[in-house]
Amino acid sequence: MSFMIGLLQSVLDWSVERKMTIMLFLGIVIVPLVSLVVLHSSGPRVTMNFLVGLLTGAIILLVPLSKWMSHVIALRNIRELNDQCTSLKQGDYAHVSLPAGEVEGEGHDFVRLKRNMHWMGYAIATREYRLQAAMGDLAEAQRKISESLDYASLIQTSFLPDTRQLVDILPEHFLVWNQRDKVGGDSYWFRLWGNGFFIGVIDCTGHGVPGAFMTLIVHSLLDKAVDESDGSPAAVLGSMNRLIKDALRQNRKGAMSDDGMDCALCYVDLDRDRLLFSGANSPLYLMDEDGVRLIKGDRCGLGYVRSPRDFRFTDVEVPLTRKTRFYLATDGLVDQVGGEKRLPFGKRRFMRFMETHFEMPITTQCDALMRLLEEYQGDETRRDDVTVLGFELD
């Protein structure tokens, strides 16, 4: 019995071409020829009747014989291939067995195709395993980086001024400190000095981790710069320019660093009812009953190789009057691209916001400004960190 099963299996494993040749040879040549030779001696009538019967039987058995031949020749192998493809599609590579075959390339076309599909599944499984391992390593690395950035954000935030003290000094104010990433290059700063206080916003080179490093350097130098000044924002900026250059060794030939910062800095002199402003590539916006004004800063950054070490910044005096509002902002706001034409937000749009929201308490303008920016930004990506500080003095 086992011999017969083995013989049948070997016949089924023949190539499609061999199966078709033998079946067609038997059905078209041998069987009709033998039948005609045997029946020829019985006369033409018997032969004719046999041929008619043979034709009738062929017509009747055409469909079942076609199905049987198709199964013997190809359909069984095609079903096995479909099952194999289904397993591969479902990701079940382990149960895709290697077809019998001692030597690579032996067997009929379907056997070779099954073997190729087996090795294709093996290759896919190997690559998927490697990809999963790589994804696991990537997820672990991302987790560690995320934890490091969270802690770096905590450190950067600890360098920022205490907002409760800012509320005590300036009850009427709002602050937007919106970093593009977990850490960034924007910052704000204030300090009591004499009979008033310094207040400003800072935009350091870059964003993300490099920008955050620069903010830590800047905050560590600001107090020293103020101690060297005489209450003049311009003197503070000049001192910061020199301190940053020295800290980053930018005065040496072939300096490796070309980093620095832009800054809008004010000193509010309460004794004289005046505000002194000085800017390094940053303006001051004023809003009062007469409208919006823009006071430009000097066209020189702090630090940077190209900034002259002895550059003298300019103080601009502004008298303190009732209902005057002051706005300091980094360029992340006005440079943000958006709108139908994908143009920058712009200073004019920001100044128009000040005009249209003049009757709104300044303490509530933060949410309104961020809504306007988000609506304008739309689907565009955030380009930079955004810091805006607005305040009003009684």
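Taking trypsin sites (Lys or Arg not before Pro) across the stretch 220-322, the ones in a DSSP loop with at most 14 further Cβ atoms lying within 10 angstrom of their Cβ are Arg249, Arg252, Lys253, Arg272, Lys296, Arg299, Arg306, Arg309, Arg312, Arg322. Taking θ as phi - 60° and the Karplus parameters 6.51, -1.76 and 1.60, the scalar couplings of the stretch 304-319 work out to 6, 5, 7, 7, x, 5, 9, 4, 9, 7, 10, 8, 10, 8, 10, x Hz in sequence order, x denoting glycine and proline.
Of the listed residues Asp162, Asp271, the order by accessible area with a 1.4 Å probe, largest first, is Asp271, Asp162.
Local charge for Leu276 was computed over the other residues whose Cβ lies under 13 Å away, with Lys and Arg +1 and Asp and Glu -1, and equals -4. The largest accessible area among Phe213, Phe197 belongs to the first residue in Phe213, Phe197, and the rest follow in falling order (1.4 Å probe, all chains). Per residue, the convex hull spanned by the Cα atoms of the stretch 124-278 amounts to 137 cubic angstrom.
Sites listed here are GluC sites (Glu not before Pro) in the stretch 314-387 whose DSSP assignment is loop and whose Cβ has at most 13 other Cβ atoms within 10 Å: Glu340, Glu359, Glu380. For the set Ile295, Ile124, Ile145, the ranking by accessible area, highest first and with no ligand, DNA or RNA atoms included, is Ile145, Ile124, Ile295 under a 1.4 Å probe. Surface composition of the stretch 194-303: carbon plus sulfur atoms hold 45% of the accessible area, using a 1.4 angstrom probe and ignoring ligands, DNA and RNA. Surface exposure of the stretch 117-205, expressed per residue as accessible area with a 1.4 Å probe, stands at 59 Å².
Surface exposure of the stretch 235-394, expressed per residue as accessible area with a 1.4 Å probe, stands at 52 Å².
Counting only heavy atoms of the protein chains and using a 1.4 Å probe, Tyr122 has close to 130 Å² of accessible surface. Placing dummy labels 7 Å off each Cα toward the beta-carbon, the span from Asp335 to Trp193 is 2.6 nm. Note on Asp288 and Arg130: with the Förster distance fixed at 45 Å, the Cβ-Cβ geometry gives a FRET efficiency of about 0.10.
Here the 3J(HN,Hα) profile of the stretch 168-180, calculated from phi with Karplus coefficients 6.51, -1.76 and 1.60 at θ = phi - 60°, is 5, 6, 10, x, 9, 7, 9, 9, 10, 10, 10, 7, 5 Hz, Gly and Pro shown as x.
The values are calculated or read from the model by the stated rules, or taken from the named source; none is laboratory data. Fair warning: this is a prediction, and the values are worked out from it, not measured in the lab. Neighbour counts run over all protein chains shown; Cβ positions are idealised from the backbone, glycine included. For the accessible areas, the whole protein counts, side chains as well, though only heavy atoms, and no ligand, DNA or RNA atoms are used. Shrake-Rupley method; radii C 1.70, N 1.55, O 1.52, S 1.80 Å.
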